[in-house]
Amino acid sequence: MLLHDIAGNPFRPVAFDPEWRTSTAVALAQQMYESRDFGAMPILADALQDAGCDSDDMLSHCRGPGPHCRGCWVGDLVLGKS
């Protein structure tokens with residue numbers, strides 16, 4: 001469901017901690033954004049978790065089957081686009 005990938009869950013908004021915006025997470029999100037290949041979403045989840053992210057919504061979205069697309073709410077949060 002692409003709408004969920006772009007908008008997330010409007011009933012459970014995620015507060016993004018800027019400390020989760022590590023160079024690794026940003027590089028992964030930027031690479032996926034530019035290439036439109038979202039196969040590294042589970043790796044982004046690992047990078048966010050390593051940075052201290054404990055948001056089940058965010059981590060399970062990254063590890064989920066997708067579909068994922070450009071404009072994904074998690075990628076946008078990591079890149080500071082939302």
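Residues of the stretch 65-75 that are over 13 Å from residue 37 (Cα atoms) and under 11 Å from the mean Cα position of the chain (by Cα): 73, 74.
Cβ-Cβ distances below 9 Å connect the following pairs, each with a first residue in the stretch 58-82 that is of a type in the set (Asp, Glu), a second residue that is not in a loop (DSSP other than H, G, I, E, B), and a separation of six or more residues or different chains: 76/6; 76/29; 76/33.
The numbers here are math on the coordinates, done by the rules we state, and not lab data. Only a predicted model underlies this, so the values are computations on that prediction, with no experimental measurement involved. Don't worry about glycine lacking a Cβ; one is built from the backbone with ideal geometry, like all the others, and counts go over all protein chains shown.
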